[in-house]
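Reading through the structure tokens given below for one structure.
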Amino acid sequence: MRLLKITLCFGLVWTMTSCYSVRFQVENGQWEPKDTEGGDPYYSGYYVRTVQKKVVFKKLTTGADYFNISDCESGALHTVEYRNTFGGILLNLVTFGGRKKVNVKYVCIKENSM
Amino acid sequence: MATTKIDNRTRWDTLHKNGPFPLKLFLTTKLEKNSSGLSGFEKYKDVAVEIQKLIQQAADSNEQFRAIGSKWSMSNIAHCKDRMHYNSYMNLKFPIFEGEMHQDSNYEHSNLFWFQCGNQIKEISLFLERRGKSLKTSGASNGQTIAGCISTGVHGSTIDVGSVQDYVVGLNLITGPNPEDNIYLERKSRPALRDTYVQNLNARVIRDDETFNAALVGLGSMGFIHGVVLEAENLFLLHRYVKKIDKAKALQLANTLDFSNYDPEIPGTDFRGVRPFHYKVFMNPYNTDEEKYAVEFIYKMKYYEDYKTDFGNPIPFQKEFVYLDLLYLFIKIAEKFPKSIPKLINLLKSSILPKEEKTTVGKLSEIFWDTGFQGKAFACSFGVDHTHSSKALELLAKLTREHPVPGIFAMRFIKKSEATMAFSKFPFTCMVEIDGIQWSDKEKIIGLKEYSKKLIGVLKDNDIPFTIHWGKNADWEFPGLVEHMYGNEVKKWKKIRNKLLTIPMQDVFSNAFLDSTKLSEPLAADEDLIV
Ligand SMILES: Cc1cc2nc3c(=O)[nH]c(=O)nc-3n(C[C@H](O)[C@H](O)[C@H](O)COP(=O)(O)OP(=O)(O)OC[C@H]3O[C@@H](n4cnc5c(N)ncnc54)[C@H](O)[C@@H]3O)c2cc1C
């Protein structure tokens, strides 16, 4: 019983610490602006879009497929943020790696800015 | 055809949440798509027609219409209660060619560019850099639109350059719904573009120094700025270094701007006796024991391609710099302290501004980089003659100790502007600024309006002539404030507004800010003759 508790605790700490977000940003581009109110203050004034498909299958996480981004009118990306959440890790565990929950946000380059 | 999306709204707010303010309609205009095959010029003319249609609609509904940029102003200057127009997608850019220059122009055509109003400082810089050019100066950061910048008079601390509006050489204004309301303004004394070029854009040319200077810092109220022609220069590098120097020396340099005998002792350089491109002093008003002030020195250097090999890429370092701008510095200091505002202020008394002492070298756009904080903030900024800078700082800091608010001070310096209503009206204006975070009534400290009223009062009581940054927080209802600051220039500005805008159009392009400052009141007919 004690061992189970310790394992569970370790498991919980491991899954919690596995939550992270990574942000990629180009330095020589103008982000697309928007008149925003509320939301993440970091992105205040940015036109932030999110990837609709949140639960993804193995194909996508093994590099055999890709997220298709078709709504950047400039055809270019300024910021991509990938966030791995607690729920995502749990889902991955429960489905033995078959499914994953991902949160991807992105900001396009402003059209006509180049 | 350009299209406008019209959203019903009940409120609107600035980037730093200085509102909210009530609003009816929020308008966003997008240019005709690139796939339409229209040329840049055709798209520009097409969207001008769309803007005129929107102005007509506002007038027909007896409503106000106000263009906004990136909503970085913290005063309510960008707000109007009825129809606010978001310009950011109007970002066409045109280089000027030799054959497009006015025959009497002294400008170098390769330095001139026509930018549509919604171009942001960062994108303008990137566009210019690809052509080996640079803006002459910017604010501490790069997110504002070009029209937003000139409408309030955005400045950095470039002692001998001036503010953003000071390198604008032409203005395309839409002052009403009729074809003749599409005008292009230049100084008669410094023409830039030939008439046929301007007429191709369906604009009517007016060359007049007084009109141009009044429209330059137009407070969003001289019509819709559709485009600006600005003068850039060849790319240059900036060498930036922040160090702590003796208080007395920092203030003496501020009061005199005489660097001829001064050696900043920056490692690996010899800037002895060199007048810096930019000089800025940071100060914590609560710690009176500190013997030194943090001072930012920036020197101009010749551009060369592989500067990054010698000095590294400045961008990744930007995130480590605490002296990015005043507000960011304050946030960096405050984040170590408790959330309670009175406790934070108390701790500031023993807080020493951090040491930085790192060299960065980069282009203007790399030194004045993306802003680091977008939360709730306030900023008050007073312009005084630089010879009064230490006195003004002392008075404002003392008052702040008596009525503490969560913020810290800086001083920046700007060359005089020719714009009639520019706050940089002294030969060299020192902007004494306090930036910080907002607080609530529950904190039991002085309210922002009351605080700002006291700041105005203390400068008046001590006979220090001053101005206030149009885009910053102030008690804008302070009786006779604008006349006190600008004297007869107010009448000149109103006279030109009368000349450019019909009375119904003056109402369309007014707002609560203009009412509080009494600038929306037209000149009496006899005054118009006297000015
Ligand atoms: C993070 C931050 C840093 C700042 N740093 C500095 C600094 O270093 N130096 C400095 O001087 N200021 C600074 N400010 C203040 C700010 O730069 C100015 O208030 C500036 O005017 C904001 O530009 P904007 O594009 O956001 O315009 P807005 O704030 O949206 O509008 C400003 C004015 O411009 C008018 N306007 C905009 N577009 C048009 C148009 N097309 N036609 C007619 N009128 C128009 C608006 O009606 C309004 O009156 C800073 C503000 C912030 C939030």
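Where in the stretch B:447-503 are there helices (runs of 4 or more DSSP H), lying wholly inside it, with at least 1 residues that are small (Gly, Ala, Ser), open to solvent by less than 20 Å² (accessible area, probe 1.4 Å) and under 28 Å from residue B:403 (Cα atoms)?
Values: elements: B:448-461, B:481-486, B:489-500.
Once the helices (runs of 4 or more DSSP H) in the stretch B:447-503 are filtered for at least 1 residues that are small (Gly, Ala, Ser), open to solvent by less than 20 Å² (accessible area, probe 1.4 Å) and under 28 Å from residue B:403 (Cα atoms), what remains is B:448-461.
Scanning the stretch B:172-206 for residues that are open to solvent by 60 Å² or more (accessible area, probe 1.4 Å), under 18 Å from residue B:92 (Cα atoms) and out of contact with any helix residue (DSSP H, G or I) (no Cβ under 7 Å at 6 or more places or on another chain) yields a single hit, B:199.
Mind checking which strands (runs of 3 or more DSSP E) fall wholly inside the stretch B:202-287 and carry at least 1 residues that are free of Cβ contacts under 8 Å to residues at least 60 places away in the same chain and over 30 Å from residue B:507 (Cβ atoms)? Quick ask: steps written out before the conclusion?
Working: elements: B:204-207, B:224-231, B:236-246, B:278-283.
Where strands (runs of 3 or more DSSP E) fall fully within the stretch B:202-287 and carry at least 1 residues being free of Cβ contacts under 8 Å to residues at least 60 places away in the same chain and over 30 Å from residue B:507 (Cβ atoms), they are B:236-246.
In the set (1) near the ligand (Cβ under 10 Å from one of its atoms); (2) at positive phi, residue B:142 fails one condition alone, (2).
Can you pull out the residues in the stretch B:190-226 that are out of contact with any His (no Cβ under 8 Å at 6 or more places or on another chain) and within 12 Å of the ligand (Cβ to nearest atom)? The answer is B:215, B:216, B:217, B:218, B:219, B:220, B:221, B:222, B:223, B:225, B:226. Within the stretch B:57-88, if we keep just the residues that are among the basic types (Lys, Arg) and in contact with a Gly (Cβ under 8 Å, 6 or more places away or on another chain), the residue that is farthest from residue B:25 (Cα to Cα) turns out to be B:71. Residues in the stretch B:297-310 that are crowded, with 17+ Cβ neighbours inside 10 Å and either assigned to a helix (DSSP H, G or I) or within 14 Å of chain A (Cβ to nearest Cβ) (or both): B:307 only. When the stretch B:342-377 is filtered for residues that are of a type in the set (Ser, Thr, Tyr), in a loop (DSSP other than H, G, I, E, B) and more than 10 Å from every other protein chain (Cβ to nearest Cβ), the ones remaining, listed by number, are B:350, B:351, B:359. The single condition among (1) charged (D, E, K, R); (2) within 27 Å of residue A:109 (Cβ to Cβ); (3) in a loop (DSSP other than H, G, I, E, B); (4) away from chain A (no Cβ under 14 Å) that residue B:71 does not meet is (4). Going residue by residue through the stretch B:86-109, is there one that turns out to be open to solvent by less than 10 Å² (accessible area, probe 1.4 Å), within 14 Å of another protein chain (Cβ to nearest Cβ) and farther than 17 Å from residue B:15 by Cβ? Checked the stretch B:86-109: at least one residue is open to solvent by less than 10 Å² (accessible area, probe 1.4 Å), within 14 Å of another protein chain (Cβ to nearest Cβ) and farther than 17 Å from residue B:15 by Cβ.
Pairs meeting the criteria (first residue in the stretch B:147-158 and within 14 Å of another protein chain (Cβ to nearest Cβ) and of a type outside the set (A, V, I, L, M), second residue within 7 Å of the ligand (Cβ to nearest atom) and outside any helix (DSSP H, G or I), beta carbons under 7 Å, at least 6 apart or on different chains) are B:148/B:69; B:148/B:70; B:148/B:72.
Examine the stretch B:389-402 for a residue that is within 16 Å of the ligand (Cβ to nearest atom), modelled with pLDDT of 95 or more and crowded, with 20+ Cβ neighbours inside 10 Å, and state whether such a residue exists. I'd like the intermediate steps shown before the answer.
Step one: of the stretch B:389-402, the residues within 16 Å of the ligand (Cβ to nearest atom) are none.
No, the conditions are met nowhere in the stretch B:389-402.
The values are calculated or read from the model by the stated rules, or taken from the named source; none is laboratory data. Keep in mind that this is a model prediction, so the values were computed, not measured. A quick note on method: Cβ atoms are made from the backbone with ideal geometry, for glycine too, and the neighbour counts reach across all protein chains shown. Ligands, DNA and RNA are excluded from the accessible area calculation, which covers all protein heavy atoms including side chains. Shrake-Rupley method; radii C 1.70, N 1.55, O 1.52, S 1.80 Å.
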